[in-house]
Amino acid sequence: MFNHIMVGSNNIIESKRFYDAIMAVLGYPSGKMDKKGRCFYIGGDSAFYITTPLNGEEATSGNGMTIGFKAKSAEQVNEWHEAGVIHGGMSCENPPGLRDDGRKRYLAYLRDPDGNKLCAVYFP
């Protein structure tokens, strides 16, 4: 459904360190920087980008926004969450675990160093 997702950052180096860690757990290589200072993670036919805002203003997180990443197992969700916390992210919502509101899934939530809300989810 999506071609790419881009999030803003006020510190690309700190964000790259964080995203390199969580993306590695999901099997993606380290982000690549371009000449404009943006960081790209490419996976198949989709991409995830980090950039400073083009308008020169401060990056802010989206209220009500969550970006979800697919995981291959509950263990991978746990590793993703742990890597994120170790590399400057903050755990949010409930601890990683199984949720069942008619649609069973195992998930974890993090806020990246700029406050963007992320989720890793595995459907058993």
Filter pass, MET23 being farther than 19 Å from LEU98 by Cα, under 12 Å from the mean Cα position of the chain (by Cα) and among the aliphatic types (A, V, I, L, M):
yes
The residue that is nearest to MET1 (Cα to Cα), considering only those in segment 29-66 that are open to solvent by 50 Å² or more (accessible area, probe 1.4 Å) and touching a strand residue (DSSP E or B) at 6+ places or on another chain (Cβ under 6 Å), is THR66
Answer yes or no as to whether ASP101 is loosely packed, with under 13 Cβ neighbours inside 10 Å and either touching a helix residue (DSSP H, G or I) at 6+ places or on another chain (Cβ under 9 Å) or among the charged types (D, E, K, R) (or both).
yes
Count, please, the residues in segment 72-98 that happen to be open to solvent by less than 40 Å² (accessible area, probe 1.4 Å) and without any contact (Cβ under 8 Å) to a residue 12 or more places away in the chain.
1
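Is it the case that PHE69 is open to solvent by 30 Å² or more (accessible area, probe 1.4 Å), part of a strand (DSSP E or B), out of contact with any Ser or Thr (no Cβ under 6 Å at 6 or more places or on another chain) and under 20 Å from LYS117 (Cα atoms)?
Values: open to solvent by 30 Å² or more (accessible area, probe 1.4 Å): no; part of a strand (DSSP E or B): yes; out of contact with any Ser or Thr (no Cβ under 6 Å at 6 or more places or on another chain): yes; under 20 Å from LYS117 (Cα atoms): yes.
When the stated conditions are applied, PHE69 does not pass them.
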In segment 99-124, the residues that are in contact with a Pro (Cβ under 7 Å, 6 or more places away or on another chain) and of a type outside the set (A, V, I, L, M, F, W, C)
LYS104, TYR106
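Return the residues of segment 67-106 that are of a type in the set (S, T, N, Q) and at pLDDT 95 or above; say none if nothing qualifies. Full working, then the answer.
The first filter runs over segment 67-106 and keeps only residues of a type in the set (S, T, N, Q), leaving 73, 76, 78, 91, 94.
Across segment 67-106, the qualifying residues are SER73, GLN76, ASN78, SER91.
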Which condition number does SER9 fail, the rest of (1) among the polar types (S, T, N, Q); (2) in contact with a strand residue (DSSP E or B) (Cβ under 8 Å, 6 or more places away or on another chain); (3) open to solvent by 50 Å² or more (accessible area, probe 1.4 Å) being met?
(3)
THR51: passes all of (1) out of contact with any Phe, Trp or Tyr (no Cβ under 8 Å at 6 or more places or on another chain); (2) within 15 Å of VAL121 (Cβ to Cβ); (3) of a type in the set (S, T, N, Q) but (2)
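The values are calculated or read from the model by the stated rules, or taken from the named source; none is laboratory data. No experiment lies behind these values; they were computed from the predicted model shown. Heads up, the Cβs are rebuilt from the backbone with ideal geometry, glycines too, and the neighbour counts pull from every protein chain shown. Just the protein is used for accessible areas: all its heavy atoms, side chains included, with ligands, DNA and RNA removed. Shrake-Rupley method; radii C 1.70, N 1.55, O 1.52, S 1.80 Å.
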